[in-house]
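Each value in this text was obtained by applying a stated rule to the coordinates, not by laboratory testing. As the structure is a prediction and not an experimental result, all values here were calculated from the model. Glycine also receives a Cβ, built like all others from the backbone with ideal geometry; neighbour counts cover every protein chain displayed.
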């Protein structure tokens, strides 16, 4: 079983001195602050170890030993404090991407180093447990950390308004004891069958006695990690990630794995990646680019990324002032194009109805003044026609996106009924699967090109029809189509994600190429939740779809192919988790 590795936190000056002589004893001005990685992005330590550095805006580095074929080396990863709980004396730090270049590291290299050093977390610690305490004590500062055995003597030690864990270790009470100062921020470890070494607590204090440089009663005080899961979602996520999925949690991940934990991690991800960009033409823009990871390079906020970021903040009920909704809404308004609409960053700059529907829906939900929205909404309605957008009006994705947007911003629009009719008329029969109604990516056929049934497009059609029926009232045709669509989805049981591509004519010979990624599991789950499935087969498919939605979630993000972390996917994933958790809850 490999020994876990922990690190130290250093300032710029301490880093420079340590790099000059990695084996040197501690200098007079060198602070000893232990810390350890819990994921590929996050480090935890004791809050008192970084409190003064945060107040003084002192840059911090996480020093970690890394072995190479040439021998031992040390990586210095730039980190910054992103969260803390002062009562329990625990702080979370995240990798600081803009400073990686100063360390000669790329983002993938830093991720690999952190991932290799990450220590699993475990929720259980009991009285009489034998544990290991790791850290950088004064007596061993030049080493790559020190490990000592200890025994848990209490898990509810009163510490003001909170409680802590009390440990005793013979090494701290020997005739020539280990000087424990510097161990604060280090992990308390158990050896588990599933994960090997796993952290159960973080050292927070060394009681002082009459003997200098020794722990009173050979004891240490630590914070149990489960005590900070409500205030520090990064810790909650790391604990959840280390626990094996049971068959029950695979069936209902949202309830068993805690929707609250997901929402807290998502909110933290939003806060950490929000970008403020000074645009020479538009002024200050505050929001998000298309992918979360692009915030590391301070890329310019986009209409799509910021709209989904705002929608996600609203979904989470996030009230953190750093995610000020009026500021985000003003940024979206500034990103309006000269033609009065909104465009994707990969297009030619021409406003497109599906993007306008997304942005206007987000603005309306955030309470943007209706009088300012009215003109833009009318412009959206004019865009949706065969004369204005022959390609868009024939795409299931575009038509359903506009329907969902209008339901938020102008639910009495006459266009809604027209689009519902277009959508219903565009359904096809799947002769391979019982002649059930379903949808393809297109709503009409081209000569020689039959339309192929599509799971994500059928699911998005079901969602749009179900929501529209609640506003306009259900027609016989829509009820029949909804029933057939749900039955078709249940029979296919296909949750494979898809990518759709289509082109529109732009100016001159130019064309707009649209690449749309469809998170099929999320669409299927939303469709089944919208129609309240009653059959055992549909209920089972809903459980499978929700599990597939939960599966790519990690650290507040949903990951698409090649590690991309798009904001649209985070919004869709979080909305499914929320709606599914609400469906399961019932008063006892």
Exercise. Return one number: the angle in degrees, 0 to 90 and rounded to the nearest 10, between the long axis of the Cα atoms of helix 370-383 and the longest principal axis of the Cα atoms of the chain.
Key: 60 degrees
Quiz item: Roughly how compact is the stretch 7-232, stated as its Cα Rg over 2.2 N^0.38 Å to two decimals?
Solution: 0.97
Quiz item: Helix 455-472 versus the longest principal axis of the chain: what is the Cα-based angle in degrees, 0 to 90, to the nearest 10?
Solution: 70 degrees
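Determine, from the Cβ-Cβ distance of residue 385 and residue 101 and an R0 of 51 Å, the FRET efficiency 1/(1 + (r/R0)^6), rounded to the nearest 0.05. Numbers along the way, then the final one.
On the way: r = 50 Å, r/R0 = 0.98.
The calculated FRET efficiency here is 0.55.
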Exercise. Apply 1/(1 + (r/R0)^6) to the Cβ-Cβ distance of residue 348 and residue 374, taking R0 = 25 Å, and write down the FRET efficiency to the nearest 0.05.
Key: 0.40
Quiz item: With the contact rule set at Cα under 8 Å and sequence spacing of 6 or more, what percent relative contact order holds for the stretch 397-487?
Solution: 30 percent
Self-check item: Simple spin-label estimate for residue 230 and residue 582 in nanometres, 7 Å along Cα-Cβ
Solution: 2.3 nm
Self-check item: Label point 7 Å beyond Cα of residue 564 along Cβ direction - residues of the stretch 289-321 with amide nitrogen under 13 Å
Solution: 290-294, 305
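May I ask you to derive the relative contact order of the chain, considering only C-alpha pairs under 8 Å and at least 6 residues apart, and to give it as an integer percent?
Details: 1124 pairs, mean separation 58.2, N = 588.
Over the chain, the number comes to 10 percent.
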Quiz item: Which whole-angstrom value gives the distance between the alpha carbon centres of the stretch 367-424 and the stretch 306-366?
Solution: 16 Å
Quiz item: How high is the relative contact order of the stretch 7-232, in percent, with contacts defined as C-alpha pairs under 8 Å that are six or more residues apart?
Solution: 20 percent
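Taking the stretch 59-128 on its own, what percent of its Cα-Cα pair distances exceed 21 Å?
Counting pairs separated by more than 21 Å, the tail of P(r) holds 38 percent.
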Practice problem: Determine the calculated [θ] at 222 nm for the chain from helices alone, applying -39500 (n - 2.57) to every DSSP H run no shorter than 4 residues and normalising by the residue count; nearest 500 deg cm²/dmol. | Solution: -11500 deg cm²/dmol
Practice problem: Give the angle, between 0 and 90 degrees and rounded to the nearest 10, that separates the Cα long axis of helix 325-334 from the longest principal axis of the Cα atoms of the chain. | Solution: 50 degrees
Quiz item: Please state the equivalent ellipsoid semi-axes for the chain: what are the square roots of 5 times the Cα gyration tensor eigenvalues, largest first, in whole Å?
Solution: 52, 27, 20
Quiz prompt | Inter-site label distance for residue 339 and residue 112 at 7 Å from Cα along Cβ, in nm | solution = 4.5 nm
Quiz item: What nm distance separates the two modelled labels at residue 153 and residue 551, each placed 7 Å from Cα along Cα→Cβ?
Solution: 4.9 nm
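Can you tell me the FRET efficiency between residue 470 and residue 277 if r is taken as the Cβ-Cβ distance and R0 is 51 Å, rounded to the nearest 0.05?
Numbers: r = 39 Å, r/R0 = 0.76.
So the FRET efficiency works out to roughly 0.85.
Any chance you could run the full-extension gain for residue 130 through residue 170? It's 0.36 nm times the residue separation minus the Cα-Cα distance, nm to one decimal.
Details: separation 40, 0.36 × 40 = 14.40 nm, distance 1.21 nm.
Result for the pair: 13.2 nm of gain on full extension.
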